[in-house]
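Quick notes on the structure that follows.
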Amino acid sequence: MTGRVLTVDAGLTDLRAADRLLHALAAELALPEGTFGCTHLLHDGRPRVVVSLTFPAEETRSGTRTRLTARSYDVTDGLPGTAGRAVLYPGAGTLTGALMVAELLSRSAIDRVTVLGAAGEPDPRTRVVTRDHVRPQWLDGALVLAVQPAAGGVLVPFEVPHPTPCCADH
């Protein structure tokens, strides 16, 4: 899979801007279904957020690389590390409103849901109020969504859609 990955450095410094870039690239470049778009925090002397695109086919990667370099983005092959926060992934657009854990897993590429501070996985019938913002993380090769309990016995994704500025980059 790593042979079908591009990392794009657009000089971004926050996650929201990286999310917007990924959505813009998906629309402008008509990225195919099955493409993963992730954000990665880099701390290599120049702290920044880069994005990676993992394509379902090599042909798509090659054509996209050419189009991205033509736009003056710094594009490299491969992933910038093993961790990544998924913004674009199969089924992401279907994760709106309230869904049971089982629905969330069956509709998307998310492999597992974990509840912060709880042992084991949640009951598949537990409702997750997505707030239309579901950002799972790659952990040990699996796409894992961290959730937390909320009022009414439901779960919500740990990452909020509009964090307060003081906490946005934590």
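The values are calculated or read from the model by the stated rules, or taken from the named source; none is laboratory data. Since this is a predicted model, take the numbers as computed values, not measurements. Neighbour counts are summed over all protein chains in view; Cβ atoms, including those assigned to glycine, are modelled from backbone coordinates with ideal geometry.
For the condition at pLDDT below 95 and over 18 Å from Ala26 (Cβ atoms), what is the one hit in Ala70, Ala83?
Ala83
Just for strands (runs of 3 or more DSSP E) wholly inside the stretch 1-117: which have at least 1 residues that are among the acidic types (Asp, Glu)?
Passing ranges, in order: 5-12, 74-77.
Can you name every residue in the stretch 19-40 that is in contact with a helix residue (DSSP H, G or I) (Cβ under 9 Å, 6 or more places away or on another chain) and in contact (Cβ under 8 Å) with a residue 60 or more places away in the chain?
Scanning the stretch 19-40 gives a single hit, Cys38.
Here are Leu139, Leu145: which of them is at pLDDT 95 or above and under 20 Å from Ala83 (Cα atoms)?
When all the criteria are applied, what remains is Leu145.
What is the one condition in (1) buried (at least 18 other Cβ atoms within 10 Å of the Cβ); (2) touching a residue at least 60 places away in the same chain (Cβ under 8 Å) that Arg16 does not satisfy?
The one condition Arg16 does not meet is (1).
Could you tell me which numbered condition Ala57 fails, if it satisfies all but one of (1) assigned by TED's automatic domain parsing to the domain that holds His23; (2) at pLDDT 95 or above?
Result: Ala57 fails condition (2) only.
Is it the case, given these coordinates, that Val50 is in the same structural domain as Pro80 (by TED's automatic domain parsing), under 18 Å from the mean Cα position of the chain (by Cα) and under 20 Å from Leu143 (Cα atoms)?
Spelling it out, Val50 is indeed in the same structural domain as Pro80 (by TED's automatic domain parsing), under 18 Å from the mean Cα position of the chain (by Cα) and under 20 Å from Leu143 (Cα atoms).
Would you please name the residue that is surrounded by the fewest Cβ atoms within 10 Å (Cβ to Cβ), looking only at residues in the stretch 55-95 that are of a type in the set (Val, Ile, Thr) and under 19 Å from Cys38 (Cα atoms)?
Checked the stretch 55-95; the qualifying residue surrounded by the fewest Cβ atoms within 10 Å (Cβ to Cβ) is Thr82.
Quick one: would you say Val113 is β-branched (Val, Ile, Thr) and more than 17 Å from Leu22 (Cα to Cα)?
yes
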